[in-house]
Amino acid sequence: MDFLNIHGIHHTYFTKTSSTTALSDVSLEIKEGEFISFLGPSGCGKTTLLSIIAGLLTPTAGEVTLEGNKIEAAGENIGYMLQQDYLFPWKTIEENILLGLKIGDKLDTQKKSYALNLLKEMGLQGVESQYPKQLSGGMRQRVALVRTLATEPKLLLLDEPFSALDYQTKLKLEDLVSETLKSFGKTAILVTHDIGEAIAMSDRVYLFSPSPGKLHKTFDIPKEIREQTPFNARNHEFYPEIFQTVWKELESLEANKH
């Protein structure tokens with residue numbers, strides 16, 4: 001049985017005067033421990049699909065199951081990391097990372113020390129009593145990752161978490177996130193517009209076509225690249241060829257859109 005099963009997902013947004021189909025008949029399976037990327041032009045329903053997987057949105061048709069259980073509402077087994085860090089500016093870093101545990105009524109000494117240790121592993125030792133405004137954008141995103149991992153979710157959803165950062169910080173953070181998730185054996189889905197990021201971080205890339213969003217093509221990333229850190233993956237001899245292949249497919253989708 002697959003860890004995450006997305007079956008026949010169809011979603012239409014209705015207003016008083018119109019309806020827009022965002023996703024049409026999307027089905028895919030993800031195994032435990034895999035890192036997957038959703039790639040595609042704007043309007044192909046990537047974020048809608050992520051919201052459905054998170055249980056934040058009920059699809060018009062189809063279902064999502066996690067370990068055989070249907071996802072009905074925002075599940076505690078799912079962690080969500082967004083482009084914005086959404087840290088509370090009036091709370092200290094320590095209070096911010098413990099928030100999810102507090103809300104879920106799961107905060108105890110063991111969980112607290114686990115979260116603080118994660119902070120240390122992310123190279124953020126000594127910032128516990130500081131406030132978000134005292135940290136750089138990259139540091140705040142690392143705090144957001146710690147907050148997400150502190151609740152020990154089974155599945156991580158990453159919605160363009162690096163896109164607001166400068167390129168150097170983004171590359172460093174990709175490596176850090178990738179290594180952290182691998183060491184914990186976490187399953188993750190990344191939504192991105194960045195072909196390079198998708199190839200460098202993923203086991204598999206799903207390319208979606210727009211209007212309505214459909215699964216257009218699946219790219220399995222070769223083992224030689226998967227074994228590298230994202231930074232080194234970009235310098236691997238196989239990388240340019242895969243990049244060109246995905247780029248051409250994306251270009252053809254963009255061309256058909258207009």
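Worth pointing out:
- Only beta bridges with both residues in the chain are counted; by DSSP, about 55 percent of them are antiparallel.
- Of every Cα-Cα pair in the chain, the percent that sits beyond 23 Å: 53
- Checking the Cα-Cα distances for K70/K214; K102/K133; K112/K186; K16/K102 against a 29 Å cut-off, the pairs over it are K16/K102.
- Kirkwood hydrodynamic radius of region 1-139, from inverse mean 1/r over distinct Cα pairs, in Å: 17.7
- Over 25 Å [Cα-Cα, region 88-219], rounded percent: 31
- For the residues T245, T229, T109, a GNM of the chain with alpha-carbon springs under 10 Å puts the largest fluctuation on T109.
- Anchor K217: aspartates and glutamates whose Cα lies under 12 Å away (excluding residues fewer than 8 positions away in-chain): E249
- For region 197-258, GluC sites (Glu not before Pro) meeting the loop criterion (DSSP other than H, G, I, E, B) and having at most 13 other Cβ atoms within 10 Å: E227, E237.
Rule-based calculations on the coordinates, nothing more; no lab input. In this text, all values refer to a predicted model and were calculated from it rather than measured experimentally. Because the Cβ atoms are built from the backbone with ideal geometry, glycine has one as well, and the counts that use them run over all protein chains shown.
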